[in-house]
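Quick notes on the structure that follows.
The values are calculated or read from the model by the stated rules, or taken from the named source; none is laboratory data. Here the structure is a predicted model, which is why all the values come from computation and not from measurement. A quick note on method: Cβ atoms are made from the backbone with ideal geometry, for glycine too, and the neighbour counts reach across all protein chains shown. Each accessible area value is taken on the protein alone, full model and side chains, heavy atoms only, with ligands, DNA and RNA left out. Shrake-Rupley method; radii C 1.70, N 1.55, O 1.52, S 1.80 Å.
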Amino acid sequence: MKTQGEIEAAMCSGIAQFEQEYMGRGPKDIHAYLIDDLIVVRLTNILTAAERQLVKSMPSEKGRDLLKQVRTQLLETSRPQLESLVRSITDAGVISLHHDISTVSGEEVIIFSLDKHPVVRDATKHGARLAPPQRS
């Protein structure tokens, strides 16, 4: 059983490795937050040089929309790997995945909605904290 911090750290490591392998470049900074049955992953400075050039070379809305479509398609194509990563870390399945990226700030956010609250060990007392009741 992991602590909340261990789950968040493992998510950061796993998503950073995924970004490096599947997108060709890892983030400058990454943070993950376990909030009840959600995992929020925030990546900064995520755009590749080619993506930054694409956004600059096209009208702003067109470049932004194209980049978002490509990134969303890449994540959807890789969804089985991401779900497997989340399950291996949290022992919970993924109900839904939400994603957005900013072409202005280079920030990306990925949200995983889980099918249950992960059971975590209390970091200070070394005991278990039970998951809240499941949704109906």
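Relative contact order, whole percent, for the chain stands at 27, derived from Cα pairs under 8 Å and 6 or more residues apart. The dipole here belongs to the chain: it is taken about the Cα centre, uses +1 on the Cβ of Lys and Arg and -1 on the Cβ of Asp and Glu, and is about 100 debye.
Principal-axis analysis of the Cα atoms of the chain puts helix 4-18 at an angle of about 30° to the longest axis. For a straight C-alpha distance cut-off of 17 angstrom, the aspartates and glutamates reachable from K2 (same-chain residues fewer than eight places away being disregarded) are D36, D37, D91, D122. Solvent exposure of the chain, expressed per residue, is 57 Å² of accessible area, with all protein chains present and a 1.4 angstrom probe. Against the criterion of solvent-accessible heavy-atom surface with a 1.4 angstrom probe, R52, R79, R71 sort, most first, into R52, R79, R71. Overall, the accessible surface of the stretch 26-88 at a probe of 1.4 angstrom is composed of carbon and sulfur to the extent of 53 percent.
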